[in-house]
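Colleague: Sharing a structure below in structure tokens format, with a few things to ask.
The values are calculated or read from the model by the stated rules, or taken from the named source; none is laboratory data. Computed from a predicted model, the values in this text were never measured in an experiment. As a convention, Cβ positions derive from the backbone with ideal geometry for all residues, glycine included, and neighbour counts pool all protein chains shown. Keep in mind that these areas ignore ligands, DNA and RNA; they rest on the heavy atoms of the full protein, side chains included. Shrake-Rupley method; radii C 1.70, N 1.55, O 1.52, S 1.80 Å.
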Amino acid sequence: MNQELQATFGGLRSEVEMTTQAMQELQESTSHILNHVPTPVIIVDSHQQVTYLNEAGRNALHCSQAPCEGSPLFDLLRVDPAVQHKLQLEFSNVGQDSSGIETMSPTNGHSTAVKLKDPLSQSASLASTQREHTVEIAGRVFWYDWFFIKASRPDANEIGLVLRDATEENL
């Protein structure tokens, strides 16, 4: 009986180690891909602490390597108080419906549901959204969009923020 338990636990330990290694490889691969996207991507936990910032985000926010992750979002997004308040309202309203494909964002003081879309696409249908969702950071104008990252545990859900430099388009 003791040998059977040791064999079972040994097999479980091996499975956990293999799964952990696979998850680490997937995380490294995802990070590698996002670091090569020319658009800033910021991932934030429910307490508005940055958990991930890709290389383009580091450059756009003039952030050094070490202190970015774990920093409060609005320590990195240096915007005026009114803009920060608007962004915080949007952040607090990012969510999902039962299908997991909607996000809530306030527009003109009212919350309205909007379907998620590819935040990197530059289709003409995004033009009005881009005008509504712009923010100036360090002298540059960025179009932004929030997205919801659902985790297996609700307390582990995160929110992403994609920025696209629109400075040249706004001249």
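Colleague: Do we find that ASN93 is over 22 Å from LEU53 (Cβ atoms), in contact with a strand residue (DSSP E or B) (Cβ under 7 Å, 6 or more places away or on another chain) and modelled with pLDDT of 85 or more in this structure?
Modeller: On the way: over 22 Å from LEU53 (Cβ atoms): yes; in contact with a strand residue (DSSP E or B) (Cβ under 7 Å, 6 or more places away or on another chain): yes; modelled with pLDDT of 85 or more: yes.
Yes.
Colleague: Then there's this: Between residues in the stretch 22-41 that are over 17 Å from CYS63 (Cα atoms) and modelled with pLDDT under 85 and residues that are open to solvent by 100 Å² or more (accessible area, probe 1.4 Å) and β-branched (Val, Ile, Thr), which pairs lie under 6 Å by C-beta distance while being six or more apart or on different chains?
Modeller: As it stands, the answer is none, since no pair meets every condition given.
Colleague: I'd like the full set of residues that are polar (S, T, N, Q), open to solvent by 60 Å² or more (accessible area, probe 1.4 Å) and closer than 30 Å to ASP75 by Cβ, limited to the stretch 1-57.
Modeller: Step one: filter the stretch 1-57 for residues polar (S, T, N, Q), giving 2-3, 6, 8, 14, 19-21, 24, 27, 29-31, 35, 39, 46, 48-49, 51, 54.
Subset that is open to solvent by 60 Å² or more (accessible area, probe 1.4 Å): 2-3, 6, 8, 19-21, 24, 27, 30, 46.
Those that are polar (S, T, N, Q), open to solvent by 60 Å² or more (accessible area, probe 1.4 Å) and closer than 30 Å to ASP75 by Cβ: GLN24, GLN27, THR30, SER46.
Colleague: Just to be sure I understand the filter: pairs with C-beta atoms under 9 Å, separated by 6 or more residues or on different chains, first member in the stretch 146-171 and assigned to a helix (DSSP H, G or I), second member open to solvent by 40 Å² or more (accessible area, probe 1.4 Å) and of a type in the set (Gly, Ala, Ser). Which pairs pass?
Modeller: These pairs meet every condition: ASP155/SER46; ALA156/SER46.
Colleague: Here's a follow-up. Here is a check on your reading of the model: is PHE91 touching a residue at least 60 places away in the same chain (Cβ under 8 Å) and in a helix (DSSP H, G or I)? Working first, answer last.
Modeller: Details: touching a residue at least 60 places away in the same chain (Cβ under 8 Å): yes; in a helix (DSSP H, G or I): yes.
For PHE91, the condition - touching a residue at least 60 places away in the same chain (Cβ under 8 Å) and in a helix (DSSP H, G or I) - is met.
Colleague: Now a separate question. When you go through (1) modelled with pLDDT of 85 or more; (2) more than 20 Å from ASN157 (Cβ to Cβ); (3) open to solvent by 80 Å² or more (accessible area, probe 1.4 Å) one by one for CYS68, which number turns out not to apply?
Modeller: (3)
Colleague: Within the stretch 1-60, which residues are β-branched (Val, Ile, Thr) and not in a strand (DSSP E or B)?
Modeller: Matches in the stretch 1-60: THR8, VAL16, THR19, THR20, THR30, ILE33, VAL37, THR39.
Colleague: Can you tell me which of (1) of a type outside the set (Phe, Trp, Tyr); (2) assigned to a loop (DSSP other than H, G, I, E, B); (3) surrounded by fewer than 16 Cβ atoms within 10 Å (Cβ to Cβ) is the one CYS63 doesn't meet?
Modeller: Failing condition for CYS63: (3).
Colleague: Among (1) open to solvent by 70 Å² or more (accessible area, probe 1.4 Å); (2) modelled with pLDDT under 55; (3) out of contact with any Leu (no Cβ under 9 Å at 6 or more places or on another chain), there is one condition ALA113 misses while meeting the rest; what is its number?
Modeller: Unmet condition: (1).
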